[in-house]
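Worksheet for the structure shown next.
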Amino acid sequence: MKYFIGVDVGTNSVRAALVSDIGNIEQTAVEEIKIWNSPAKEIYEQSSDNIWQACCSCIKEVTKSVDVSDVKGLGFDATCSLVVLDRDGKPLAINHDGENERNVIMWMDHRAWEEAEVINRTRHDVLKYVGGKISLEMEIPKILWIKQNLPETWQNVGHFFDLPDFLTWKATGSLSRSVCSLACKFCFQANDQERTWNDDFLCKVGLVELTQYNHQNIGNVVLNPGEPCGQGLTHESAADLDLNPGTAVGTSVVDAYAGCLGTLGCSTGISSIDGGSSPPNLDKDKCVHGIETRLAMICGTSTCHMALSKEPLFCNGIWGPYYSTMIAGYWNNEAGQSVAGKLRLN
């Protein structure tokens, strides 16, 4: 039996699942992660070290009863939180306290509202891909906040990662990024003709530094979700995870996009040939057929409504269209209600 591992990093916890090559979920594990917050200031921070340690714990838990040589690959999805590292790949403070452990500005952190307004006042053409107005929950306003408020951090920054890309870097050592994270959260430009950073946009919003050295701080190797990342697990990460070096790692996706991929890909016409003991009879064309007529509603800490199309669709107030961020060759649009899932706690 061959196995694959899926890791989902949500707002409050890490979840891992061990899945067989016929699609059965064999084991699951969950571990909570830390949040430092100041609700009055709408500041929410996490630690990339703490998140990675939780990933290690969950992966080791779900694989403890199998031969690790039978584990053939793993993939990560995560929230669109901003991870900041120095030039040596060490955590770098994103707070006035200078606490390097707290190096993740969470997706739900709203400290960058003024920076978002500055960006929106440019009325740059890039903004049409985010519904005409950038959200303060995206990464560019947060990076601008760091530049304007934390000069020491700004001077020592080596890498800005969306959290899903941080996890593949931590696992493989590869600085590649997922087009899902970059297009959806960094205003990276992707279509059927090219993939590129819009330097005019970055300069006009006050982030010319991000254009330097071939955009090395924000990524210059961009892959589709699921493409092989680096050379698989490094010796160091394999030791952390109790897996074999070289185990394949897929390019990541934002958490809601992972949920949407599974939801939109469902088909009642797909089944195992013998009722469950062999791989499903998957027909790619059948999986994709009619996918443009489906709407996925992904419910977590937030609620996301997501849909795919073959042609780009622009609508004020609706994020996207984003190209190949979920399925190669398809455009994606996203709407919903931020933090709607938290309402049940109040």
message: Take the residues in the stretch 237-269 that are part of a loop (DSSP other than H, G, I, E, B) and touching a strand residue (DSSP E or B) at 6+ places or on another chain (Cβ under 8 Å); name whichever of them is most open to solvent (accessible area, probe 1.4 Å).
response: Asn244
query: So which residues in the stretch 35-58 are among the hydrophobic types (A, V, I, L, M, F, W, C), modelled with pLDDT of 95 or more and outside any strand (DSSP E or B), if there are any at all?
result: Ile35, Ile51, Trp52, Ala54, Cys55, Cys56, Cys58
message: So, Glu117, is that one open to solvent by 30 Å² or more (accessible area, probe 1.4 Å), in a helix (DSSP H, G or I) and not small (Gly, Ala, Ser) or not?
response: yes
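Just checking, how many residues over the stretch 223-246 are under 14 Å from Lys170 (Cβ atoms) and out of contact with any Cys (no Cβ under 8 Å at 6 or more places or on another chain)? First the steps, then the outcome.
Looking only at the stretch 223-246, we keep the residues that are under 14 Å from Lys170 (Cβ atoms), and these are 229-230, 232-241, 243.
Going one step further and asking which of them are out of contact with any Cys (no Cβ under 8 Å at 6 or more places or on another chain), we end up with 229-230, 232-239, 243.
Going through the stretch 223-246 one residue at a time, the tally reaches 11.
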- request: Mind listing just one residue for me: the one in the stretch 154-185 that is of a type in the set (Phe, Trp, Tyr) and open to solvent by 10 Å² or more (accessible area, probe 1.4 Å) and, of those, farthest from Trp319 (Cα to Cα)?
  value: Trp154
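Quick check: is even one residue across the stretch 141-151 outside any helix (DSSP H, G or I) and of a type outside the set (Gly, Ala, Ser)?
In the first step, residues of the stretch 141-151 are kept if they are outside any helix (DSSP H, G or I); the result is 150.
Add one more test, that the residue is of a type outside the set (Gly, Ala, Ser), and what stays is 150.
Scanning the stretch 141-151 turns up at least one residue that is outside any helix (DSSP H, G or I) and of a type outside the set (Gly, Ala, Ser).
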statement: Within the stretch 59-103, residues being among the basic types (Lys, Arg), part of a loop (DSSP other than H, G, I, E, B) and open to solvent by 80 Å² or more (accessible area, probe 1.4 Å) number 3
query: Would you pick out the residues in the stretch 186-205 that are over 20 Å from the mean Cα position of the chain (by Cα) and open to solvent by less than 30 Å² (accessible area, probe 1.4 Å)?
result: Phe201, Leu202, Val205
- line: Gly320 passes all but one of the listed conditions (1) on the phi > 0 side of the Ramachandran plot; (2) exposed (fewer than 13 other Cβ atoms within 10 Å of the Cβ); the exception is number (2)
- prompt: Name the pairs whose Cβ atoms lie under 9 Å apart, with the first residue in the stretch 38-58 and in contact (Cβ under 8 Å) with a residue 60 or more places away in the chain and among the hydroxyl-bearing types (Ser, Thr, Tyr), the second in a helix (DSSP H, G or I) and open to solvent by less than 40 Å² (accessible area, probe 1.4 Å), and 6 or more positions between them or separate chains?
  reply: Ser48/Leu163; Ser48/Phe166; Ser48/Leu167
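Okay, residues lined up against (1) in contact with a Lys or Arg (Cβ under 6 Å, 6 or more places away or on another chain); (2) free of Cβ contacts under 8 Å to residues at least 12 places away in the same chain; (3) acidic (Asp, Glu):
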position	(1), (2), (3)
Pro141	no, no, no
Leu167	no, no, no
Arg177	no, no, no
Leu182	no, no, no
Lys204	no, no, no
Tyr213	no, yes, no
Gly219	yes, no, no
- prompt: Among the numbered criteria (1) surrounded by 14 or more Cβ atoms within 10 Å (Cβ to Cβ); (2) among the β-branched types (Val, Ile, Thr); (3) modelled with pLDDT under 95, which single criterion is violated by Thr234?
  reply: (3)
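The values are calculated or read from the model by the stated rules, or taken from the named source; none is laboratory data. All values derive from a computational prediction rather than experimental measurement. In this analysis, Cβ positions are derived from the backbone assuming ideal geometry, glycine residues included, and neighbour counts consider all displayed protein chains. Each accessible area value is taken on the protein alone, full model and side chains, heavy atoms only, with ligands, DNA and RNA left out. Shrake-Rupley method; radii C 1.70, N 1.55, O 1.52, S 1.80 Å.
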